[in-house]
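Shown next, in structure tokens, is the structure this report addresses.
The values are calculated or read from the model by the stated rules, or taken from the named source; none is laboratory data. All of these numbers come straight from a predicted model, not from anything done at the bench. Neighbour counts run over all protein chains shown; Cβ positions are idealised from the backbone, glycine included.
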Amino acid sequence: MQKSNSLLKYSVVFLLLISLTSCVTIIKRGYSLDEKDLANIKDNVTTKENLLKTLDYPTMVNVYPTKELWIYYSYNVRKFLFLKPKIVEAKLITFELKKNTVILTRRYDLEDMRKIKPSLAETRIDNKEPGLIRDLFHNIGKVTPSI
């Protein structure tokens, strides 16, 4: 009897542990970076067209007066039940292009990104497009009744 009770307790604990591990999910987001493709990209050799053929379009492009910066970003998030998701892996690769040629490649991982201090300064965007509020309410007072 004593032996069957302890066996039952261990079985219940074992089943609980298995059910809890099934509640952990890893979600992959962003660009899928293949190391074989990245090995084919060489500074001062690879052109913009070859970069597009090899890696496709980047996550983000920053255009400066004399160069372009192409950014490829991916990360994995671990989610456990109702707890706040946690980023467990991140990769960021930047390619600096000048005159349609890759001149500098930089790689960053999660530890590098944790060292980055975000700027508290504001970024001004010169957007001439009408906003959502204007789109919704631009007809108020402009409608004339038709007879």
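Output the residues belonging to the stretch 16-52 that are part of a loop (DSSP other than H, G, I, E, B), surrounded by 10 or more Cβ atoms within 10 Å (Cβ to Cβ) and at pLDDT 85 or above.
Those that are part of a loop (DSSP other than H, G, I, E, B), surrounded by 10 or more Cβ atoms within 10 Å (Cβ to Cβ) and at pLDDT 85 or above: Asn40, Ile41, Lys42, Asp43, Val45, Thr46.
Out of (1) loosely packed, with under 10 Cβ neighbours inside 10 Å; (2) at pLDDT below 80, what's the single condition that is false for Val13?
With (1) loosely packed, with under 10 Cβ neighbours inside 10 Å; (2) at pLDDT below 80 applied to Val13, the lone miss is (1).
Against the conditions (1) exposed (fewer than 13 other Cβ atoms within 10 Å of the Cβ); (2) at negative phi, where does Thr59 fall short? Just the number, please.
For Thr59, the failing item is (1).
What number of residues within the stretch 57-74 are without any contact (Cβ under 8 Å) to a residue 24 or more places away in the chain and either closer than 10 Å to Val102 by Cβ or in a loop (DSSP other than H, G, I, E, B) (or both)?
3
Return yes when Leu38 is over 14 Å from the mean Cα position of the chain (by Cα) and either farther than 30 Å from Lys99 by Cβ or of a type in the set (Gly, Ala, Ser) (or both) and no when it is not.
So Leu38 fails the test.
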